[in-house]
Amino acid sequence: MFVAIITAELQIPMAQSLKDKRSIIKRLTDKCKNKFNVAVAEVGNKDLWKNSELGLVTIAGDRRYLEKVTNKIIKFIEDFPGVYLYNYTIDYY
């Protein structure tokens, strides 16, 4: 059994309030959950309008499969409208 933990640091340049930011983050987290079957939570920068830190976790029986999924997740976040991914880490256990 293998576990991947992704920490993604995001900028949300179009957000003008916490409500705007939370709306964008909610859409992103919901789509990640539905598309990739991962657990997602905002783990940092909760009170900043233009920044967010997300934690995503997934589990699989095959390390190569897990690496493919995490790469797809990162690509999905990079391409998500209204969000700029400026840093991320992936830890495998």
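The values are calculated or read from the model by the stated rules, or taken from the named source; none is laboratory data. What you are looking at is a predicted structure, and each value in this text was computed from that prediction instead of being measured. As a convention, Cβ positions derive from the backbone with ideal geometry for all residues, glycine included, and neighbour counts pool all protein chains shown. The area values use the complete protein model at the heavy-atom level, side chains included, leaving out ligands, DNA and RNA. Shrake-Rupley method; radii C 1.70, N 1.55, O 1.52, S 1.80 Å.
A quick yes/no check of all residues on (1) farther than 24 Å from Met1 by Cα; (2) part of a loop (DSSP other than H, G, I, E, B); (3) touching a Leu at 6+ places or on another chain (Cβ under 7 Å):
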{"site": "Ile25", "(1), (2), (3)": "yes, no, no"}
{"site": "Asp30", "(1), (2), (3)": "yes, no, no"}
{"site": "Lys35", "(1), (2), (3)": "no, no, no"}
{"site": "Tyr65", "(1), (2), (3)": "no, no, no"}
{"site": "Val69", "(1), (2), (3)": "no, no, no"}
{"site": "Lys72", "(1), (2), (3)": "no, no, no"}
{"site": "Ile77", "(1), (2), (3)": "yes, no, yes"}
(request) Quick one: Trp49 ticks every box in (1) part of a loop (DSSP other than H, G, I, E, B); (2) under 12 Å from the mean Cα position of the chain (by Cα); (3) of a type in the set (Phe, Trp, Tyr) except a single one, so which number is it? (result) (2)
(request) Could you give me the residue pairs with C-beta distances under 7 Å whose first residue belongs to the range 60-80 and is crowded, with 16+ Cβ neighbours inside 10 Å, whose second residue is of a type in the set (Lys, Arg) wherever it lies, and which are 6+ apart or on separate chains? (result) none
(request) Could you list, in sequence order, all residues of the range 57-89 that are among the β-branched types (Val, Ile, Thr) and over 17 Å from Asn37 (Cα atoms)? (result) Val83, Thr89
(request) Within the range 8-20, track down each residue that is part of a strand (DSSP E or B) and open to solvent by 40 Å² or more (accessible area, probe 1.4 Å). (result) Glu9, Gln11
(message) Can you tell me how many residues within the range 81-93 are under 21 Å from Arg22 (Cβ atoms), surrounded by fewer than 17 Cβ atoms within 10 Å (Cβ to Cβ) and of a type in the set (Phe, Trp, Tyr)?
(response) 2
(message) Filter the range 20-57 down to the residues that are in contact with a helix residue (DSSP H, G or I) (Cβ under 6 Å, 6 or more places away or on another chain) and polar (S, T, N, Q) and list them by number.
(response) Ser52
(request) Examine the range 52-59 for a residue that is closer than 15 Å to Ile73 by Cβ, assigned to a strand (DSSP E or B) and open to solvent by 80 Å² or more (accessible area, probe 1.4 Å), and state whether such a residue exists. (result) yes
(request) Consider Val40 carefully, then state whether it is open to solvent by 20 Å² or more (accessible area, probe 1.4 Å), of a type outside the set (Phe, Trp, Tyr), in contact with a Cys (Cβ under 7 Å, 6 or more places away or on another chain) and in a strand (DSSP E or B). (result) yes
